[in-house]
Amino acid sequence: HNSQTSSIITTVTTLSPMLVFSIDRALVRQAEEVLKDIDLPVVNLSNPAEIDAVFQKCNPEIALIDTKLGEDIAARICLELRKKAGADEFAILLLVGEEMEDRALNALLAAGGDGLVGHNLKPLSFRTRVSSHLRRISAAKKFALKVHDSEVLIDVTSRLVGSSDILDNLYDVAMFIARELHVDRCSVVLVRPQRDFGLVVASSDDPKL
């Protein structure tokens, strides 16, 4: 963890919080109250410089940006969030007023915004919108994990069947699985039918075994 992390995020729980970029404390308190019903904590930030610290501290999946911070700042926050999230799913809602021009709205959406929310937060509508985005992100992550798992299984199978002698390839398979699972050691154990005895026939930390 970064020792320079802002004190504003030291109270973040283990749940993935919603980032609220605003200097309007009344608005932040309102968002906190509305999101209590879905057990979603809120982290209040005010500028793009704080994004790195909050991503180091927790793993946010959604943000609300108050465009009263200024169109340029809001656009920069969108870009920074997209950059920090990388390939991960992330939702950005823009808090806008009726006076905002279409040109400005289109620019913010082009910078990475996913949707618009009026400054007069309607609890049920806002909560439903947030929940919908979180469900979408959860479903996308589960699907991506299934795809990755399938690719790993195919790779392991090809490493085994692609060799004239399976035993020759077991160390390679053990190494591959250890890397994928981020573990220190992976072993292949041969268990006899009675299931009362197992013999380690390959291990990722001993190529000579």
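The values are calculated or read from the model by the stated rules, or taken from the named source; none is laboratory data. In this text the structure is predicted, and so the values were computed from the model without any measurement. A quick note on method: Cβ atoms are made from the backbone with ideal geometry, for glycine too, and the neighbour counts reach across all protein chains shown. What goes into the accessible areas is simple: the full protein's heavy atoms, side chains included, and nothing from ligands, DNA or RNA. Shrake-Rupley method; radii C 1.70, N 1.55, O 1.52, S 1.80 Å.
Taking L145, L45, L94 in turn, the Gaussian network model of the chain (Cα-Cα springs below 10 Å) assigns the largest fluctuation to L145. The Cα atoms of segment 121-209 cover 65, 30, 25 Å along the three principal axes, with the biggest extent listed first. Here are labelled values, (i) 72, 34, 32; (ii) 44, 35, 33; (iii) 57, 39, 29, and one is the computed Cα extents along the principal axes in Å for what I pasted. Which one? Given (i) 72, 34, 32; (ii) 44, 35, 33; (iii) 57, 39, 29, the calculated one carries the label (i). In plain terms, the chain from D37 to L190 could stretch by 50.0 nm, reckoned as 0.36 nm per residue minus the Cα-Cα distance. Roughly what angle does helix 123-161 make with the longest principal axis of the chain, taking Cα atoms, 0 to 90 degrees, to the nearest 10? Helix 123-161 sits roughly 20 degrees off the main axis of the chain.
Apolar share of the accessible surface for the chain: 53 percent from carbon plus sulfur atoms, 1.4 Å probe. Considering only A63, A91, A144, the Gaussian network model of the chain with Cα springs below 10 Å gives its largest mean-square fluctuation to A144.
For the chain, a crude dipole built from +1 on the beta carbon of Lys and Arg and -1 on the beta carbon of Asp and Glu, taken about the Cα centre, is about 420 debye to the nearest 20.
With angles folded into 0 to 90 degrees, how steeply does helix 166-181 sit against the dominant principal axis of the chain? Use alpha carbons for both and round to 10. Approximately 20 degrees, to the nearest 10. Only helical runs count toward this figure. For the chain, summing -39,500 (n - 2.57) over DSSP H runs of n ≥ 4 and dividing by all residues gives -15500 deg cm²/dmol at 222 nm. In the elastic network of the chain, a GNM with C-alpha springs shorter than 10 Å, the most mobile of L134, L124, L19 is L124.
Is the C-alpha gyration tensor of segment 87-160 telling us rounded, prolate or oblate? Criteria: a/c under 1.5 is rounded; beyond that, a/b larger than b/c is prolate, otherwise oblate. Oblate.
Put simply, the amide H of N44, placed in the peptide plane, has neighbours under 5 Å in V20, leaving out anything fewer than 5 places away on its chain. Compared with the dominant Cα axis of the chain, that is its longest principal axis, helix 71-85 is turned about 10°. Within segment 144-174, name every residue whose backbone N is under 19 Å away from a label modeled 7 Å from Cα of L199 along the Cβ vector. Within reach of a label on L199: 165-172, 174. Per residue, segment 158-209 exposes 76 Å² of solvent-accessible protein surface, assessed with a 1.4 angstrom probe and all protein chains in place. Determine the alpha carbon to alpha carbon distance for each of K57/K142; K68/K142; K83/K142 and list only those over 31 Å. Table pairs above 31 Å Cα-Cα are K68/K142.
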